[in-house]
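Comments concern the structure below.
What follows is calculated from the coordinates using simple rules that are stated; it is not laboratory data. Since the model is a prediction, treat every value here as computed from it, not as a measurement. Note that each Cβ is placed from the backbone with ideal geometry, even for glycine, and that neighbours are counted across all protein chains shown.
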Amino acid sequence: MESARIIATVARIVRDVGVAEEIAQDALVAALEQWPRSGVPDNPGAWLTATAKHRAVDLVRRRETYARKLAEVGRTLPEEAYDPEPSGPGDIDDDVLRLVFTTCHPVLSADARAALTLRLVGGLRTDEIARAFLVPEPTVAARITRAKRTLAKAGVEFEVPYGEERAVRLGSVLEVVYLVFNEGYAATAGDDLLRPGLCEDALRLARGLAVLMPGESEVHGLAALLELQGSRTPARTGPDGRPVLLAEQDRRRWNRLLVRRGYAALARAGDGRSYGPYALQAAIAACHARAASYEETDWAMIAALYGRLRELAPSPVVELNRAVAVSMAEGPAAALPLVDALAAEPALARYHLLPSVRGDLLARLGRGAEARAEFARAAELTRNESERALLRVRAAELPSGDAS
């Protein structure tokens, strides 16, 4: 939970994200060694950060003379505290945001930027990042290792950039914040469906970006999307922690404050004709938020919005989501060919939501045995235990043969 903040703070001192990650890990090891004997401190995050800072200062002292390093970073590094740099015009006093912009430096490839930021900011494991990108785990591991080496070799500054350079990095930053939120909203692995800490981190970063770049439509679009999606979190799991499908959620439990914040952010994103990909997704989420019930949702509008999104940012996942909307607007028979056309997509070969959606369509068409097989396959593919349990329940509720 604290790793991103610790890494970001230490990176300000050592100016190397790879070294900062190692020092943060050392601080966590120290906690594992000391806390069983001394007890968990009242503020564990502050303890970890202070320990990491001390180790970072020691490293700086070993590498160069203390005075020379102080001159380089332009401030004092006392052992007890680490004062942040003063904010400049258009800057944000947020170490984590600086870390995001640093790891999204254009010296890295787009894939490397996203993988490294999810690792350092989101705290995701390599296998979780691989699932998010639908690529093999060794590929992600290699990307992260090369990215840290590249940043160190290039001497990339730990800062929020200004002007044109900021605009160049913005697309990668938005993508990473979105992926961090998604991992918190629907965890790829583990026992729990939700990882609320990641959602909160992503929301905070999105809000910070909106303050930092008020003239960027897609920044507000992303903020709107995360506010609206995040509003559903209280209703997405039951008392036992099991997932609750959108159709069955108690919408009275949706966070109306986040809904209002989402509407306001979407209004700042512009007039609907100029929406970018994030604003379009936010508009889709707004359709759900406006509906008093699942049955009253404007599915035709959602399908149309997905059609526009497909033109701006085509992907198999977008097409799968559009198929779901089509199934609700026009019926499962109209959507099944769209889903079947995605079966050959390599990126969806191990994506559990493809057989899950197909299973739902088949069940609604009365093809129970086929639907049961699809839900069983989806359960095998997911690595999240809550989702697996739900899919197995859905499979068990269906007949094993169509004759029945």
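Per-structure values
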{"item": "At q = 0.08, 0.11, 0.12 Å⁻¹, base-10 log of I(q)/I(0) for the chain (Debye sum, equal scatterers on each alpha carbon)", "result": "-0.48, -0.88, -1.02"}
{"item": "Cα long-axis angle, helix 277-290 against the chain (0 to 90 degrees, to the nearest 10)", "result": "60"}
{"item": "Hypothetical label at Asp240: residues of segment 383-402 whose amide nitrogen lies under 18 Å (7 Å Cα-Cβ projection)", "result": "384-398"}
{"item": "Highest-MSF residue in the chain out of Gly272, Gly208, Gly221 [GNM, Cα springs under 10 Å]", "result": "Gly272"}
{"item": "In nm, spacing of pseudo-spin labels at Arg260 and Arg350 (7 Å Cα→C-beta vector)", "result": "4.5"}
{"item": "Efficiency of FRET between Leu32 and Ser400 - r from beta-carbon atoms, R0 41 angstrom, step 0.05", "result": "0.25"}
{"item": "Protection proxy ranking, peptides 34-40, 348-354, 99-105, 240-246, average beta carbon neighbours within 10 Å, highest first", "result": "99-105, 348-354, 240-246, 34-40"}
{"item": "Highest-MSF residue in the chain out of Tyr263, Tyr185, Tyr294 [GNM, Cα springs under 10 Å]", "result": "Tyr294"}
{"item": "Label-point separation in nm, Arg392 to Glu165, each point 7 Å along Cα→Cβ", "result": "5.3"}
{"item": "Among Leu258, Ser231, Leu170 the positive-end extreme of the charge dipole of the chain (Cβ point charges)", "result": "Leu170"}
